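The values are calculated or read from the model by the stated rules, or taken from the named source; none is laboratory data. This structure is a prediction, so every number in the text was calculated from the model and none was measured. All Cβ positions, even for glycine, are placed from backbone atoms using ideal geometry, and neighbour counts span all protein chains on display. Just so you know, the surface numbers come from the protein's heavy atoms only, side chains and all, with ligands and any DNA or RNA stripped out. Shrake-Rupley method; radii C 1.70, N 1.55, O 1.52, S 1.80 Å.
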Amino acid sequence: MPQARTDEERVLKLIERTRLLIAIDDDMPTETKLNTQPLLKMLEAAILGNDEAVRRRASGYYSALYADLQPYPDLEALLSAMRVFLPYL
């Protein structure tokens, strides 16, 4: 039986999948790919933090990512799914 995951673990898995989709998307400009990778890393680190200031930072990273990746439906769907598990995003 698979082990139950925390909401944070689920979002971290979604971030991994987002990273993968960005890497294989041939239509996405290279500049967008390069700009989003550090944001994904910072979002990942912020999600692992537990205080209110870190959550606000995570929300800011998420908003920036969403703005950059919204034109890509598959990525927008993954980002939207993250909010299901962590509403503070």
- Query: Inside the range 1-18, can you point out the residues that are in contact with a helix residue (DSSP H, G or I) (Cβ under 7 Å, 6 or more places away or on another chain) and over 15 Å from Ala77 (Cβ atoms)?
  - Reply: Asp7, Glu8, Leu12
- Task: Within the range 65-89, work out how many residues are more than 21 Å from Arg5 (Cβ to Cβ) and either aromatic (Phe, Trp, Tyr) or open to solvent by 40 Å² or more (accessible area, probe 1.4 Å) (or both).
- Result: 9
- Tally the residues that are in a helix (DSSP H, G or I) and either touching a strand residue (DSSP E or B) at 6+ places or on another chain (Cβ under 8 Å) or within 16 Å of Leu78 (Cα to Cα) (or both), restricting the search to the range 22-32. 3
- Message: When you scan the range 67-87, do you find a residue that is assigned to a helix (DSSP H, G or I), β-branched (Val, Ile, Thr) and touching a Leu at 6+ places or on another chain (Cβ under 8 Å), even just one?
- Response: no
- Task: Using the structure shown, decide if Arg19 is without any contact (Cβ under 8 Å) to a residue 40 or more places away in the chain, open to solvent by 80 Å² or more (accessible area, probe 1.4 Å), assigned to a helix (DSSP H, G or I) and out of contact with any His (no Cβ under 7 Å at 6 or more places or on another chain).
- Result: no
- Give me the pairs: first residue in the range 37-62 and part of a helix (DSSP H, G or I), second residue at pLDDT 90 or above and polar (S, T, N, Q), beta-carbon distance under 7 Å, and six or more apart or on different chains, which are they? Leu40/Thr18
